[in-house]
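First up is the structure itself, then whatever we jot down about it.
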Amino acid sequence: MKRPAPHLNRRQLLQGLALVGAACTRPGAGDSAAKDWAAKDSGAGGCTSDGTGTSTGYCLVEGLVMRVFGAAGLAVGAFVLANLDDNTAVLVGRDARGIFARSAICTHACCIVALCDDVACASPQPTPDTCGTAGPSTADRVLCPWHGSIFRVSDGAALTGPATVSLPAYALSVDGPDVLVDTTTEVDPSARTPA
């Protein structure tokens, strides 16, 4: 008698694809050694620590607090993208009301977006390496390089498809010159932290 093929749910499929994609596109970025290195020195040099809440379950984003070095000093209208791995990346920006954070993972295909240097996103910036930062940019746009979705950073809105869901906003705190973004805690997209 023939056994039925095992059925994978969406989460299992995305996890498998994420592992394959990480192995094919950026050696080391998705492995545990990169995460261990990032978490070793959570004081002055590490870029992550454990989150206090539960993982949001959104696109396999890990429940971490990401340290975005120097982001507290962003000029009004500027944004940066900080990357831990293929599952966890954040955008930090400043406007006239304060500092805010969003996910940098596309809500359509769960890949890292790229900062744009203009509102048409004709020349996106390269994605940074593990614990790296791209930017600053003042275009208020990010582009998903896989399928072309464009998001507005200031409110997370999906401006062009195929994505239709906004980028989630995350809680943050300021720690000296750095911003700590908690990917376990979603907040209202209009939330700002004075700095």
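No lab work stands behind these numbers, since they all come straight from the coordinates. Just so it is clear, the structure is predicted and the values come from calculations on it, not from any experiment. So basically every Cβ, Gly included, is an ideal-geometry build from the backbone, and we count neighbours across all protein chains shown.
Points 7 angstrom from Cα along the Cβ direction at residue 191 and residue 97: gap in nanometres?
1.3 nm
Going by average Cβ neighbours within 10 Å, how do the peptides 88-98, 171-181 rank, with the highest at the top?
Numbers: 88-98: 21.5, 171-181: 18.6.
Highest-to-lowest ranking by the protection proxy: 88-98, 171-181.
Which number comes out as Rg/Rh for region 137-179 once both Rg and the Kirkwood Rh are worked out on C-alpha atoms? It would help to have the intermediate numbers written out before the result.
Details: Rg = 12.6 Å, Rh = 11.6 Å.
On the Cα set of region 137-179, Rg over Rh gives 1.09.
Given a cut-off of under 8 Å on Cα pairs at least six residues apart, what relative contact order in percent is computed for region 64-195? Please report the intermediate quantities before stating the final value.
Details: 358 pairs, mean separation 38.3, N = 132.
Normalised by residue count, the contact order of region 64-195 is 29 percent.
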